[in-house]
Structure formats: structure tokens, C-alpha cells
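The structure appears below as C-alpha cells.
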Amino acid sequence: MPRPGSSVARAEWPRDLAASAECPACVLERDGARRAATLLLKHLDDEAIAAAYARAGGLCLPHLQLTLSHASPSAARPWPGGRPRPGARLRGELDELIRKHDYQFTSEPVLAEEADAWRRAVAAVVGEPEPEKL
């Protein structure tokens, strides 16, 4: 029998600590995200929701996919500011960052919001909050 704290005992921890059923916290988190998507769809015409959506520049990709998966195919309700365009502002910042790395435009300064646009784009695609500013 391995001594407590030995490397052999530690190697068994993942198996010993594995859940025997689905994690209740994960279930609640998933259900909360579904409820939020449904509420967003239900209240898209609410001015406060539309304003928050516009300020955020849309939804991250995972939440957009989840929300659209709950939308009825016949729903013709407009999204705030037109069709769903996640990250339109971020896309513009990425385009500008790429353009300024072209040899013809390297003399133009890269603005702070453009410099970290690539980090924010990765975070948005994987559904993480925007990283802190550098």
C-alpha cells in the first residue's frame, strides 16, 4: 500500500476524485446559459437588452450558437442593430491591426485597442471574457 503523499498515491487521486455522476454545478451552469439564451430571444425588442447587446458588440461565438439553437426557424424578429454580427467592432480593430502590419503602412501607429484585438478575438471565439488590457 503506498504511503499517503507519495507519488504513487497522488497518481491515484484523479481516479479516486472522479465524480460518479454529472457534476451538479455544471448542470446548473448549462441550464443557466440556456435560460439566458431563451430570455435574450424573448426580450430582443427591449431597449435595455438591445443597448447591452450593442455595447458588447454582440455575443461570443459559443453564446451566439447556443442562442441561435434556441431560436425558432420562423422567428423573423430583428436582432438589435440588424442581423447578429458578433464582434463587429472587434473585427474592425483586427482589420486595422492587420492593415498596419502591411509593409506599406508600418509607419502608422497601432492604437491600444488594436494592439490587443487578437487576444480579445481568441477570447471571444472560445467564450471567455475579454482579457485584461495590457
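The values are calculated or read from the model by the stated rules, or taken from the named source; none is laboratory data. Model, not experiment: these values are computed from the prediction. Don't worry about glycine lacking a Cβ; one is built from the backbone with ideal geometry, like all the others, and counts go over all protein chains shown. Ligands, DNA and RNA are excluded from the accessible area calculation, which covers all protein heavy atoms including side chains. Shrake-Rupley method; radii C 1.70, N 1.55, O 1.52, S 1.80 Å.
For Arg55, Arg120, the ranking by accessible surface with the largest value first comes to Arg55, Arg120, using a 1.4 Å probe. Once all protein chains are placed together, Ser107 keeps about 110 Å² accessible to a 1.4 angstrom probe. Sorting Arg99, Arg91 by accessible area puts them as Arg91, Arg99; the probe is 1.4 Å, largest comes first, and only protein heavy atoms count. How much FRET efficiency would the formula 1/(1 + (r/R0)^6) give for Asp95 and Arg55, where r is the Cβ-Cβ distance and R0 is 25 Å, rounded to 0.05? Here the calculated transfer efficiency is 0.75.
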